[in-house]
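Heads up: the structure comes next, in structure tokens.
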Amino acid sequence: MKDTITDLADRLAMLHIRAQVVLGHFSSDEVDWFPVDHAANFYREAAAMLEGGLREGHPDAIGKVRAVVDPGDLDRAELWGTPLGRLLFTAGGYTGETCTQTVAASVLGCSRQWVNAMVAEHKLASAADRGVYVAQVRGMLKARIDRLVK
């Protein structure tokens, strides 16, 4: 699994390639050999800056990272189980007050059954849409991260 900086740097590089194709600078056949290595340091530096902004919870960084991530990925539970997704979730980058139990399981790195058990044990409150509250999941994730850091 990619670390946050590598994930963000790869996504930034892909945006560059997409922009070049859309603007007509390259045909889609040429993209396979298009060298993005010249910009790799720029992408890694930008990714590190964005990661730092997420760690500090800066709204600008949250908005920029959400813009870098494919909109379709923001709706998929798989993203939220990656280091980038978890950091974005913790920073407040998951919009909405509730999330599905599948998203909660991905964020927490557990099974949906475990999330369901936490709801049954009242460790997580069940939302009206059969989901759980994002603030509670975020709190659990932050507590887990704090324990790992200490």
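No lab work stands behind these numbers, since they all come straight from the coordinates. As the structure is a computational prediction, the values presented were derived from the model and not from experiment. In this analysis, Cβ positions are derived from the backbone assuming ideal geometry, glycine residues included, and neighbour counts consider all displayed protein chains.
Here are the numbers for the structure shown:
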| read-out | value |
| --- | --- |
| Contour excess over end-to-end distance, with Cα ends at Phe42 and Ala67 and 0.36 nm allotted per residue | 7.2 nm |
| Among Ser106, Ala128, Leu148 - extreme Cα towards positive end, dipole of region 96-150, charges at beta-carbon | Leu148 |
| Pairwise label distance in nanometres, Thr95 with Ile17, each label 7 Å out on the Cα-Cβ vector | 2.7 nm |
| Estimated inter-spin distance, His58 and Asp129, nm [label 7 Å along Cα→Cβ] | 3.0 nm |
| Equivalent ellipsoid semi-axes - Cα gyration tensor, region 96-150, angstrom | 19, 12, 10 |
| ³J(HN,Hα) computed for each position of region 97-111 - Karplus, 6.51 cos²θ - 1.76 cosθ + 1.60, integer Hz, glycine/proline x | 8, 10, 9, 5, 5, 5, 5, 4, 5, 5, 4, 7, x, 9, 8 |
| Pair Glu78, Asp146: separation of 7 Å Cα→Cβ label points (nm) | 3.3 nm |
| Theoretical FRET efficiency, 1/(1+(r/R0)^6), r = Cβ-Cβ of Thr6 and Gln113, R0 22 Å, to 0.05 | 0.10 |
| Charge sum, other residues only, whose C-beta stays under 12 Å from Gln136's C-beta, Lys/Arg counted +1 and Asp/Glu -1 | +2 |
